[in-house]
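Asker: The following block contains the structure, expressed as structure tokens.
We did not get these values from a lab; they are worked out from the coordinates using the rules stated. Owing to the predicted nature of the structure, the values given are computational and were not obtained by experimental measurement. Here the Cβ is made from the backbone with ideal geometry for all residues, glycine too, and neighbour counts use every protein chain on show.
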Amino acid sequence: MKIASLLNQLGISIDPARQQAMVDAYIPILRSVLVPACCYYLFVTWEHWQTQTGPVLVAFSLISTTTALGFYLFNKLLANNRTMSLAKLELHNLAMHLFMYLNLLSYLLVYNVETRYIYFVLLAFIFAITGATTRTVMISVPLTLATLYWFSTSLPEDLYAEYVSIVVATAFASVSMTGLLRHAIIRQIDARLLADELTVKARALADADMLTGIPNRRAIFEKIDRLIEQRTPFWLGIFDLDGFKGINDVYGHTMGDRLLRASVARATELHFEGAMIGRIGGDEFAVVLTGNVTEPQVRALAGSWLKAITAPYIIDNQELSVGASAGFSHYPDMGTASTQLYEQADFALYKAKARFRGQCIVFDTTDSKEMENAIAIERELREGNLEEELFLLFQPQYSPSRQRVVSFEALARWQNPRLGLVRPNDFIRVAERSGFIQKVTAILFRKGLAELKTWPNDISLSFNLSARDISDQAFVLSLLGQIMKEDVSPSRLEFEITETAVMSDLTTSSTVLDRLRSSGCRVALDDFGSGYSSFQYLDQLPLDKVKIDRSFIRKVGHSLTSREIVAAIIALCSKLNLRCVLEGVETREEMAVLAALKPDLVQGYLYGRPMSAEDARQLLQKQNSENFPIASQAQ
């Protein structure tokens, strides 16, 4: 490291990125000198024509004119060539110094005027400031001061001693100026390169799924958007594993992860030209098929994939089996926007899982609403007593630094007398499609506020908003009105959104979220990295917090790469002044690794499963007891 630092100071960096950063830093410095210097040497040329004659005029004018022209061309080169190499910049830099030096030297060789000696000091300072590397300065400055010393040797002894002092002082001043300037520039470069490195590490997650290595949702949607932009026909398919949750529950997440990797390996072995397979999230996968592919070919290909995926697996001497279903949509026949095509394929998948489990369904608008489960859920949403049937569970969010629970996430639940306990994903999806989501949100939000009022004032509540919620400004205003009505401090409310919820209308979403924040509430980006994970949202949305998805946490206990990636995201959040929550922390081993990364908050089974309102109140009552169970788990 010391050798590398010394080489960097000398301008002998072996890192191409650092070399290019040095070039980028010095180009504006050089250009700021070249323009006035060009004008100065044009003035010098004019002065020569006024004061010189004969061969001396020709020689002096040639040197000064060449210098002015060279500086002009060098400035044009720097303006139009931002990718110039450091070596090339050094050569031009030395030529620039040489021309300036020759102008003064030629004049003094003809007219040895002592008053012009001070120009060597000015040149030394200019060379110290404009030297692109220390090597350049080590050539230009000593040459200039040595020449000054040589001229001073012909002076009387008292003046000679005076100029020796000037040479020494100028040398020290030049070294100091060079050192200070380069130190400041190198520090700036190091900070920028570090930020770039952190960004690159984080962005590595943007296109690849951590668990399986195949493209993730973001990469899939980027592919779709490119194809739509190019007006290239394609099929979008969504595959979902049936029974995967049961394997997770019985055998654990590690076995489930291995099953996912094995199923991906089988799917990718069935190579089809023009096919891109990616993971949407959880046990859901997507495929994009380009080329001249007919619907029968799509059904046949999907059948081959489904057959391969659903064949029994042998993992650790355990035979595991899962089902799978698929739904497809087509561009441009069925839709012209990525979100529309995704919703259609997802709807077809939903239909396949409800009525044709294990098969591939191609989206058809004429029969999509025949899905029995969706119809039953929609009917109960319309006719049921949602005020009594809907309720919330609360999962604690733990602060490692404070060693206490500081907030809860409100999780929607629905117990219907005819349907039983309906899965949140099922009824929320149908509620969004059928237009009941705002009714559901309003009921749950009122219940969440009522519970929040019973908690200590330093405990906050995190509440999820759907895509339809944040696309309706009037509805969001009604939520803010409810906060005022209940006399709850807005700072105790945090609204969670997902990337999928905002990607359909980023402008409206940003406006609504701005209104929430201006009212004193906080905004969190949920499931960061689980799917779409577009880093543009960190820049374009008004956010206070980022919740890193469980998929980022699973491998931290045994993968150095995973730890570095999570650390990079935490560091990036810190630089952007965003709080960071780690979701899905389940084991002490995971927490032992993650604690060193200093996350702001942690959420997961290790610190509490989703619990009833009564259990949440009891947990808070125990918050200050010596035997507080949650605090002890972090030890």
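Asker: Order these by the 10 Å Cβ neighbour count, fewest first: R258, R231. Could the numbers behind the result be given before it?
Answerer: Details: R258 17, R231 9.
Final ranking by Cβ density, sparse to dense: R231, R258.
Asker: Let me ask something additional. Taking the alpha-carbon set of the stretch 217-370, what are its Rg and Dmax in Å?
Answerer: Calculated on Cα positions, Rg and Dmax stand at 15.3, 48 Å.
Asker: Under 1.5 on a/c is rounded, so check that first for the stretch 474-602, then, if it is not, pick prolate when a/b is larger than b/c and oblate when it is not; a ≥ b ≥ c are the square roots of the alpha carbon gyration tensor eigenvalues. Intermediate results must be reported in sequence, preceding the final value.
Answerer: Numbers: a/c = 2.52, a/b = 1.81, b/c = 1.39.
Prolate is the answer for the stretch 474-602, as a/c is 1.5 or above and a/b outweighs b/c.
Asker: Oh, and also: For the residue pair Q188 and L477, what label-to-label distance in nm results when each label sits 7 Å from Cα along the Cα-to-beta-carbon direction?
Answerer: Once both label points are built, they end up 4.7 nm from each other.
Asker: So, one more: Give the angle, between 0 and 90 degrees and rounded to the nearest 10, that separates the Cα long axis of helix 560-575 from the longest principal axis of the Cα atoms of the chain.
Answerer: Between helix and principal axis, roughly 70 degrees.
Asker: Under a no-solvent Debye model with one identical scatterer per Cα of the stretch 115-177, what's log10 I(q)/I(0) at q = 0.22, 0.24, 0.28 Å⁻¹?
Answerer: -0.80, -0.92, -1.17
Asker: To continue, here is another question. Using R₀ = 45 Å, calculate the FRET efficiency as 1/(1 + (r/R₀)^6) where r is the Cβ-Cβ separation of R261 and L77; round to 0.05. Walk me through the intermediate numbers first.
Answerer: Numbers: r = 53 Å, r/R0 = 1.17.
Result of the calculation: an efficiency of 0.30.
Asker: Helix-only estimate, please: 222 nm mean residue ellipticity of the chain, summing -39500 (n - 2.57) across DSSP H runs of length 4 or more and dividing by its residues, to the nearest 500.
Answerer: Numbers: 25 runs with 372 residues, N = 635.
The helix contribution divided over the chain gives -19000 deg cm²/dmol.
Asker: In addition: Using the Cα gyration tensor of the stretch 2-203, with a ≥ b ≥ c the square roots of its eigenvalues, what is the shape: rounded (a/c below 1.5), prolate (a/b larger than b/c) or oblate (neither)? Before the final figure, lay out each step's value.
Answerer: Values: a/c = 3.26, a/b = 1.61, b/c = 2.02.
Verdict is oblate for the stretch 2-203.
Asker: Also: For the chain, what proportion of DSSP beta bridges, expressed in % and rounded to the nearest 5, is antiparallel? All intermediate terms of the calculation are to be shown ahead of the outcome.
Answerer: Numbers: 41 of 67 bridges.
Bridges in the chain that DSSP calls antiparallel: roughly 60 percent.
Asker: Dipole of the chain, Cα-centred, from +1 at each Lys and Arg C-beta and -1 at each Asp and Glu C-beta, to the nearest 20 debye?
Answerer: 520 debye
Asker: Over the Cα atoms, compute the radius of gyration (one decimal) and Dmax (the largest Cα-Cα distance, rounded to a whole number) for the chain, in Å.
Answerer: Over the chain's Cα set, Rg and Dmax evaluate to 34.3, 112 Å.
Asker: How big is the convex hull of the Cα atoms of the stretch 166-219, per residue, in Å³? Don't skip to the answer; put the middle values down first.
Answerer: Numbers: hull volume 3.9 nm³, N = 54.
Spelled out: Cα convex hull of the stretch 166-219, divided by residues, is 72 Å³.
Asker: With no solvent and one point on each alpha carbon, what is the Debye value of log10 I(q)/I(0) for the stretch 327-476 at q = 0.11, 0.15, 0.19 Å⁻¹?
Answerer: -0.55, -0.88, -1.16
Asker: Just to confirm the number: angle between the C-alpha axis of helix 16-51 and the first principal axis of the chain, 0 to 90 degrees, nearest 10?
Answerer: 30 degrees
Asker: Throw me the Rg/Rh for the stretch 544-603, computed over C-alpha atoms with Kirkwood Rh, two decimals.
Answerer: On the way: Rg = 10.4 Å, Rh = 11.2 Å.
Rg/Rh: 0.92.
Asker: Quick check on my link table: of K223/K575; K201/K598; K447/K622; K223/K351, which ones sit more than 27 Å apart, alpha carbon to alpha carbon? Intermediate values should be presented prior to the final figure.
Answerer: Numbers: K223/K575 30 Å; K201/K598 18 Å; K447/K622 23 Å; K223/K351 25 Å.
Correct reply: K223/K575.
Asker: Rounded to the nearest 0.05, what FRET efficiency is calculated for K88 and D225 with R0 set to 51 Å and r the Cβ-Cβ distance?
Answerer: Details: r = 39 Å, r/R0 = 0.76.
Calculated value: 0.85.
Asker: Taking a label point 7 Å from the Cα of Y605 along the Cα→Cβ vector, which residues of the stretch 255-271 have an amide N closer than 20 Å to it?
Answerer: Those under the cut-off are 255-261.
Asker: What order do you get for V110, V476 when you list them from fewest to most C-beta neighbours inside 10 Å? Intermediate values should be presented prior to the final figure.
Answerer: On the way: V110 13, V476 23.
Arranged by neighbour count, lowest to highest, V110, V476 become V110, V476.
Asker: Collect residues whose amide H, placed 1.01 Å from N in the peptide plane, falls under 5 Å from the amide H of I280; neighbours closer than 5 in sequence don't count.
Answerer: HN-HN under 5 Å from I280: F285, A286.
Asker: To check you understand DSSP bridge types, tell me what percent of the beta bridges within the stretch 217-370 (both residues inside) are antiparallel, rounded to 5. Before the final figure, lay out each step's value.
Answerer: Working: 25 of 28 bridges.
So the antiparallel bridges amount to about 90 percent of the total.
Asker: Next question, about the same structure. Relative to the first principal axis of the alpha-carbon coordinates of the chain, what is the inclination of helix 506-518, with its axis defined by its Cα atoms, in degrees from 0 to 90 and to the nearest 10?
Answerer: Here the helix axis deviates by roughly 90 degrees.
Asker: Based on Cβ point charges of +1 for Lys and Arg and -1 for Asp and Glu, what charge dipole magnitude is obtained for the stretch 177-327 about its Cα centre, in debye rounded to the nearest 20? Present the calculation step by step, with values, prior to reporting the outcome.
Answerer: On the way: 17 positive and 19 negative charges, 106 e Å.
Using Cβ point charges on Lys, Arg, Asp and Glu, the stretch 177-327 gives about 520 debye.
Asker: In the chain, what cysteines have no partner Cβ closer than 4.7 Å?
Answerer: Lone cysteines by the Cβ rule: C38, C39, C360, C521.
Asker: Related question: How long is the gain from Q536 to L560 if the chain were fully straight, where each residue apart is worth 0.36 nm and the alpha carbon distance is subtracted?
Answerer: Values: separation 24, 0.36 × 24 = 8.64 nm, distance 2.68 nm.
Roughly 6.0 nm would be gained on extension.
Asker: Same structure again: Under the Karplus relation 6.51 cos²θ - 1.76 cosθ + 1.60, θ = phi - 60°, what is the ordered set of whole-Hz ³J(HN,Hα) values for the stretch 358-364, x standing for Gly and Pro?
Answerer: x, 10, 9, 10, 8, 3, 9
Asker: Between E273 and R446, 0.36 nm times their residue separation minus their Cα-Cα distance comes to what?
Answerer: Working: separation 173, 0.36 × 173 = 62.28 nm, distance 5.24 nm.
Difference between extended and current length: 57.0 nm.
Asker: A further question on this structure: Of the chain, which part is the longest with no GluC sites (Glu not before Pro) in a loop (DSSP not H, G, I, E, B) and with at most 15 other C-beta atoms within 10 angstrom? Before the final figure, lay out each step's value.
Answerer: Working: sites that count: E273, E486, E626.
Longest gap between qualifying sites, sites excluded: 1-272.
Asker: State whether the stretch 293-397 is rounded, prolate or oblate according to the following rule on the C-alpha gyration tensor (a ≥ b ≥ c being the square roots of its eigenvalues): a/c under 1.5 gives rounded; otherwise a/b larger than b/c gives prolate, and the remaining case gives oblate. Don't skip to the end; give the middle numbers.
Answerer: Values: a/c = 2.11, a/b = 1.19, b/c = 1.77.
Here the stretch 293-397 falls in the oblate category.
Asker: HN-Hα J couplings of the stretch 150-156 from phi, Karplus 6.51/-1.76/1.60, θ = phi - 60°, integer Hz, Gly and Pro as x?
Answerer: After applying 6.51 cos²θ - 1.76 cosθ + 1.60, I find 4, 5, 6, 5, 8, 8, x Hz.
Asker: Moving on to the next point. Which trypsin sites (Lys or Arg not before Pro) in the stretch 557-626 sit in a loop by DSSP (not H, G, I, E or B) and have at most 16 other Cβ atoms within 10 Å of their own Cβ? Intermediate results must be reported in sequence, preceding the final value.
Answerer: Numbers: sites: R563, K575, R579, R588, R617, K622; in loops: K622.
Of the trypsin sites (Lys or Arg not before Pro), the ones in loops of the stretch 557-626 whose Cβ has at most 16 other Cβ atoms within 10 Å are K622.
Asker: How many angstrom lie between the C-alpha centres of the stretch 220-286 and the stretch 98-164?
Answerer: Measuring centre to centre over Cα atoms gives 71 Å.
Asker: What's the extension gain from W49 to R588 if we count 0.36 nm per residue and subtract their Cα-Cα distance? Display every interim value, and only then the final one.
Answerer: Numbers: separation 539, 0.36 × 539 = 194.04 nm, distance 8.44 nm.
This chain segment gains 185.6 nm when fully extended.
Asker: While we're here: For the stretch 204-279, restrict the atom set to alpha-carbon positions and state the Rg and Dmax in Å.
Answerer: 14.4, 46
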